[in-house]
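Reading through the structure tokens given below for one structure.
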Amino acid sequence: MTALRKPYRSRWEYAGWAAAVSFSALLLLSVVTNPNFHWEIVGEYLTAAIIIEGVWMTLVLTAVSIVFGVLFGAILAVMLRSPSSILSRLALSYVWFFRGTPLLVQLIFWFNLAALYPTIGFPGFEINATHLITPFFAAAIGLTTNEAAYMAEIIRGGFESINRGQTEAASSLGLRPRHVTFRILLPQAMKVIVPVIGNQTIAMLKNSSLVSVLGVSELLHSAEIIYGTNYQTIPLLIVASIWYLAMSTVLSVAQHAVEKVYGRSTNRIATVAQVSNGA
Amino acid sequence: MSAVAVSARGIVKRFGSRTVLSNVDFEVLTGQVSCVIGPSGSGKSTLLRCLNSLEEIEGGEVRMFGELQGYLPTPDGGYRRLSPGRLAEQREQVGMVFQNFNLFPHMTVVQNLVCAPTLLRKETGPAAREHAAELLSMVGMTGYEASYPAHLSGGQQQRVAIARAMMMNPRVLLFDEPTSALDAERVSEVLDVMKKLAKAGKTMVVVTHELGFAREVANDVTFMDEGAVVEAGSPAEVLGSPKRDRTRAFLSKVL
Ligand SMILES: Nc1ncnc2c1ncn2[C@@H]1O[C@H](COP(=O)(O)OP(=O)(O)OP(=O)(O)O)[C@@H](O)[C@H]1O
Ligand SMILES: [Mg+2]
């Protein structure tokens with residue numbers, strides 16, 4: 001029979017808990033009982049059709065800009081590391097520009113692109129820009145191109161974190177540069193990159209609210225539309241916040257799960273386990 | 001007299017303003033083992049890396065079986081660096097084993113081995129796996145096919161790395177201090193594999209601090225110091241009765 005052993009706890013920890021719990025309870029009480037928050041309106045609109053549509057649009061924008069941001073960012077990262085100075089400088093300028101100007105400004109630029117270039121293309125094949133650049137298109141392009149600049153740096157950092165010996169070992173086997181990049185370095189870089197992409201996704205969830213200025217009916221814009229007519233600004237911002245919190249909570253949980261998988265098998269990455277099949 | 005496998009003539013290598021190799025000559029005959037010894041920072045690794053075109057050189061030329069390595073001669077008597085693809089092609093015939101093993105951590109042992117021959121379409125998947133099984137048995141690593149490098153000891157990783165380098169059937173094997181990162185009791189298991197390869201007639205260049213190995217296996221020993229070859233000859237000459245003071249000083253420190 002082994003005696004029950006308890007871990008050490010400081011007296012202050014109990015005191016801290018007591019203080020934290022009572023403070024939170026009081027805060028909650030004051031928020032819940034304050035009639036100015038209009039919780040009945042919050043409840044009324046929480047699942048309103050237009051809000052749900054906004055939630056969908058936010059998810060779509062986040063997914064599109066992260067997926068294409070990663071793809072485009074990976075291309076930029078490969079260019080950044082390229083021995084060709086044209087490619088690396090092109091990528092460097094891109095990153096410099098898109099990280100160096102405010103996202104909001106970039107979005108408005110894309111939105112107004114049609115005013116700057118009424119037609120896009122070359123003589124014989126021209127597209128009417130006003131038709132092409134819908135608010136959604138401007139939003140998706142704006143978020144993606146901006147995200148790609150950040151992803152490029154993230155992915156480049158992932159590559160840089162790999163020991164130089166890996167490249168040398170791969171080269172000495174006669175592997176071509178593309179094999180070295182995609183079969184040897186990229187899978188190892190993923191370990192560093194994936195958790196950061198999780199962070200970026202959560203940030204994008206909220207950054208996507210910026211496109212409300214373009215009139216894209218994502219979550220925040222949906223809330224704005226409603227309070228524009230009923231003037232219940234605070235309750236509707238609470239509605240939007242509840243949804244943002246819910247979505248980022250789900251994403252955080254997913255992120256931790258992914259990180260656990262990567263942490264558990266520090267040296268195993270399933271995606272490349274097929275090399276032996278000569279794929 | 002066997003043919004020259006590796007020949008380096010007048011190699012000059014600079015890092016910025018620093019000359020790391022100054023006019024180095026080095027030669028290995030087919031089927032022979034050549035050991036390179038010397039103090040830390042003397043340029044041994046750099047020489048090995050130049051042989052495999054992992055470094056660009058500022059002077060001289062490296063030939064493998066007569067073929068100029070890393071460069072194309074230009075009409076004006078100069079050299080132009082080969083394209084990355086051509087460099088890779090040349091490296092196919094040279095295997096390299098590193099101090100830190102450098103196995104691919106995201107691949108199992110067998111994947112590490114079959115990766116190059118299958119990606120480069122030298123062997124089909126099944127043929128490569130059969131070839132891998134043969135080599136793993138040669139290095140005494142049968143049964144570890146599905147293990148990941150992180151779960152192997154240093155000596156085991158290095159034996160796998162040797163097998164991996166052998167998968168491309170290289171005509172020359174380069175070793176850069178293959179046992180320096182190993183615990184003392186693991187050193188011999190790697191040296192035994194290397195002796196086996198030497199007996200089988202592999203052409204090998206071995207940078208090492210293991211003078212016992214050099215004495216027993218090497219046909220030639222080259223002593224380098226401060227980026228230059230100080231003394232070269234048979235193990236008996238260089239290790240037994242060195243002519244130069246610097247060689248003597250180094251040997252007395254190592255022994
Ligand atoms: N990439 C590099 N950039 C600048 N200097 C370098 C580089 N690689 C090597 N050197 C320098 O070149 C010299 C020779 O290095 P090298 O690694 O060839 O020595 P070594 O004989 O292999 O030494 P060790 O026994 O420590 O491995 C050293 O002084 C080192 O600092
Ligand atoms: Mg060295």
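The values are calculated or read from the model by the stated rules, or taken from the named source; none is laboratory data. Everything numeric in this text was worked out from a predicted model, so none of it was measured. Cβ atoms come from the backbone with ideal geometry, glycine included; neighbour counts cover every protein chain shown. These area figures cover heavy atoms from the full protein model, side chains too; ligands, DNA and RNA do not enter into them. Shrake-Rupley method; radii C 1.70, N 1.55, O 1.52, S 1.80 Å.
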Carbon plus sulfur, as percent of the 1.4 Å-probe accessible area of the range B:165-255, comes to 46 percent
Cα extents of the range B:84-220 per principal axis, largest first, Å, are 40, 34, 26
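If you roll a 1.4 Å probe over the range A:1-136 with all protein chains in place, what percent of the accessible area is carbon or sulfur?
Values: 7320 of 10050 Å².
It is 73 percent, rounded to a whole number.
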Candidate span helices, chain A: DSSP H, at least 27 Å along axis from Cα coords, Kyte-Doolittle average at least 0.5, result A:11-33, A:49-81, A:135-160, A:186-207, A:233-264
Projected onto their principal axes, the Cα atoms of the range A:202-256 stretch, largest extent first, over whole-Å spans of 40, 23, 11
When chain A is treated as a Gaussian network with springs between alpha carbons less than 10 Å apart, the largest mean-square fluctuation among A:Gln255, A:Gln166, A:Gln232 is found at A:Gln166
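Normalised by the empirical 2.2 N^0.38 Å for globular proteins, what value does the Cα Rg of the range B:62-121 take? Intermediate results must be reported in sequence, preceding the final value.
Numbers: Rg = 15.3 Å, N = 60, 2.2 N^0.38 = 10.4 Å.
After normalising by residue count via 2.2 N^0.38 Å, the value is 1.47.
Which length gain, in nm to one decimal place, applies between A:Ala19 and A:Leu87 when the Cα-Cα distance is subtracted from 0.36 nm times their residue separation?
Details: separation 68, 0.36 × 68 = 24.48 nm, distance 5.78 nm.
Fully extending the segment from A:Ala19 to A:Leu87 adds 18.7 nm.
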In terms of the alpha carbon gyration tensor, root eigenvalues a ≥ b ≥ c, rounded if a/c is under 1.5 and otherwise prolate when a/b exceeds b/c or oblate, the range B:177-225 is oblate
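Report the FRET efficiency, 1/(1 + (r/R0)^6), for B:Asp183 and A:Val253, where r is their Cβ-Cβ distance and R0 is 51 Å, rounded to 0.05. Present the calculation step by step, with values, prior to reporting the outcome.
Values: r = 43 Å, r/R0 = 0.84.
With R0 = 51 Å, the Cβ-Cβ based efficiency is 0.75.
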Reduced to Cα centres, the span from the range B:1-71 to the range A:9-67 in Å works out to 68 Å
Per residue of B:81-94, other chain Cβ atoms within 10 Å number on average 3
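Percent relative contact order of the range A:1-135, based on C-alpha pairs within less than 8 angstrom and at least six residues apart?
9 percent
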Here the Cα Rg-to-2.2 N^0.38 Å ratio for the range A:127-206 is 1.51
Semi-axes (Å, rounded, descending) of the ellipsoid equivalent to the protein assembly as shown per its C-alpha gyration tensor are 60, 31, 21
Listed by chain and number, the lysines with an alpha carbon less than 24 angstrom from that of B:Lys13, same-chain partners under 8 positions apart left out, are B:Lys44
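Restricting to chain B, what percent of DSSP beta bridges are antiparallel, rounded to 5?
Numbers: 23 of 40 bridges.
Within chain B, antiparallel bridges account for around 60 percent of the total.
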Chain A: longest segment with zero exposed trypsin sites (Lys or Arg not before Pro), where exposed means DSSP loop plus at most 13 other C-beta atoms within 10 Å, is residues A:10-279
With 0.36 nm assigned to each residue of separation and the Cα-Cα distance removed, B:Ser17 to B:His151 gains 44.0 nm
In nm, the gap between the two label points placed 7 Å beyond Cα toward Cβ at A:Asn230 and A:Phe137 is 3.5 nm
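In nm, what is the difference between 0.36 nm times the number of residues separating A:Val194 and A:Asn34 and their Cα-Cα distance? Let's see the in-between values first.
Numbers: separation 160, 0.36 × 160 = 57.60 nm, distance 4.27 nm.
53.3 nm is the gain from fully extending A:Val194 to A:Asn34.
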Taking a crude spin-label model, label points 7 Å out from Cα along the C-beta direction, the A:Tyr117 to B:Gln93 distance in nm is 5.0 nm
accessible surface per residue for the protein assembly as shown, probe 1.4 Å, DNA/RNA/ligands not counted, whole Å² -> 50 Å²
Checking B:Ala181, B:Ala165, B:Ala146 against a Gaussian network model of chain B (alpha-carbon springs below 10 Å), the top fluctuating residue turns out to be B:Ala146
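Please state the charge dipole magnitude for the range B:172-225, taken about the Cα centre, from unit charges on C-beta atoms (+1 on K and R, -1 on D and E), reported in debye and rounded to the nearest 20. Write down the numbers at each step before the final one.
Numbers: 6 positive and 10 negative charges, 70 e Å.
Value, rounded to 20: 340 debye.
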Extend 7 Å from the Cα of A:Val105 along its Cα-to-C-beta direction; within the range A:131-145, residues with backbone N under 18 Å of that point are A:142-145
Rounded to one decimal in Å, the inverse mean reciprocal Cα-Cα distance for chain A, i.e. its Kirkwood radius, is 22.7 Å
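Using the eigenvalues of the Cα gyration tensor, what equivalent ellipsoid semi-axes result for the range A:1-146 when each is taken as the square root of five times the eigenvalue, whole Å, largest first?
Numbers: eigenvalues 484, 169, 42 Å².
In descending order, the three semi-axes are 49, 29, 14 Å.
What's the FRET efficiency of A:Leu71 with B:Ser234 using the Cβ-Cβ distance as r and R₀ = 60 Å, to the nearest 0.05? Can you show the working numbers first?
On the way: r = 59 Å, r/R0 = 0.98.
Here the calculated transfer efficiency is 0.50.
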Taking a ≥ b ≥ c as the square roots of the Cα gyration tensor eigenvalues, with a/c under 1.5 meaning rounded and otherwise prolate when a/b beats b/c or oblate if not, chain B comes out oblate
Interface buried area B-A, accessible surface with 1.4 Å probe, both sides summed, nearest 100 Å², comes to 2700 Å²
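Percent antiparallel among DSSP beta bridges with both residues in the protein assembly as shown, to the nearest 5?
Numbers: 27 of 44 bridges.
Counting only bridges with both partners in the protein assembly as shown, antiparallel ones make up about 60 percent.
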Restricted to pairs 8 or more residues apart or on different chains, the lysines in the range B:96-255 with C-alpha atoms under 28 Å apart form a number of pairs equal to 7
